[in-house]
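The values are calculated or read from the model by the stated rules, or taken from the named source; none is laboratory data. Just so it is clear, the structure is predicted and the values come from calculations on it, not from any experiment. Backbone-built Cβ (ideal geometry, glycine too); neighbour counts: all protein chains shown. Each accessible area value is taken on the protein alone, full model and side chains, heavy atoms only, with ligands, DNA and RNA left out. Shrake-Rupley method; radii C 1.70, N 1.55, O 1.52, S 1.80 Å.
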Amino acid sequence: VEGDIGYADIQARTSTTTAPNGFAGAFSSSRTGIDGYYGTIRGRVGYAMGQWLFYGTGGWAFAEGRSTGTVGVIGGPSTSSSASLDLSGYTVGGGVEYAVNNNISVKAEYLYTDFDKKRFVTGFGPGATTTTVSQDTHLLKVGVNYRFSAF
């Protein structure tokens, strides 16, 4: 069993502008994605050959999702708001690990993560915007592990 937690800033941006017949119009912009903590709790199963371990991994993923939006009139007033939600989903991947000695190993690992769809509502009333986010990530990690052992 293995767990990790870190910080991620993975964002998508959108913007729209409407100006009918060259007159002043409206605009909107949003920024939505993972902005905060990002972690996984996984199991690993593999095959060892000498000092090498080839493995598959899978489990639960969690992150902090955030959406910010601005709507307004070009050259006029605008309003901004933001919302955040906890994201949850699954992660799967695989990797290879090499034991340098009894306590130290190095590894390379790939993880695919798919978070559940979430609906963010920013603002309120007629100026409210709704954004549905379907977030998935591809992560390549390299690392050094230290094994604490009493034996």
Q. Sorting T32, T132 by accessible area (1.4 Å probe), largest first, what list results?
A. T132, T32
Q) K107: which lysines have alpha carbons under 28 Å from its alpha carbon, excluding same-chain residues fewer than 8 sequence positions away? A) K141
Q | Counted charge near G36, where neighbours are those whose Cβ lies closer than 12 Å (Asp, Glu -1; Lys, Arg +1) | A | -3
Q. With all protein chains present and a 1.4 Å probe, how do E97, E109, E2 order by accessible area, largest first?
A. E2, E97, E109
Q: Name the residue, out of G75, G95, G58, whose mean-square fluctuation peaks in a Gaussian network model built on the chain with Cα pairs under 10 Å.
A: G75
Q: Could you run the Karplus curve 6.51 cos²θ - 1.76 cosθ + 1.60 with θ = phi - 60° over the range 134-141 and give me ³J(HN,Hα) per residue in whole Hz, x for Gly and Pro?
A: 10, 9, 9, 9, 10, 10, 10, 10
Q.
Quick one: 3J(HN,Hα) in Hz for the range 51-61, Karplus 6.51/-1.76/1.60 with θ = phi - 60°, rounded, Gly and Pro as x.
A. 8, 9, 10, 9, 9, x, 9, x, x, 9, 10
Q. Of the residues V100, V92, V45, which exhibits the maximal mean-square fluctuation in a Gaussian network model of the chain defined by a 10 Å Cα contact cut-off?
A. V100
Q: Please say if the chain is rounded, prolate or oblate, where rounded means a/c under 1.5 for a ≥ b ≥ c the square roots of the C-alpha gyration tensor eigenvalues, and otherwise the choice is prolate for a/b larger than b/c and oblate otherwise?
A: prolate
Q: Hey, can you find the accessible area per residue of the chain for me, probe 1.4 Å, expressed in square angstrom?
A: 62
Q | Student exercise, the chain dipole from Lys, Arg, Asp, Glu Cβ charges, in Debye to nearest 20 | A | 120
Q: Would you mind telling me the share, in percent, of accessible area of the chain contributed by carbon and sulfur at probe 1.4 angstrom?
A: 59
Q) For the range 29-39, what does the Karplus curve 6.51 cos²θ - 1.76 cosθ + 1.60, with θ = phi - 60°, yield as ³J(HN,Hα) per residue in whole Hz, taken in order and with x for Gly and Pro? A) 8, 8, 9, 9, x, 8, 8, x, 5, 8, x
**Q.** L85 accessible area, assembled protein chains, probe 1.4 Å, Å²
**A.** 60
Q: Kindly sort S88, S105 by accessible area of their heavy atoms, largest first, with the probe set to 1.4 Å.
A: S88, S105
Q: Can you tell me the FRET efficiency between R119 and K141 if r is taken as the Cβ-Cβ distance and R0 is 41 Å, rounded to the nearest 0.05?
A: 0.85
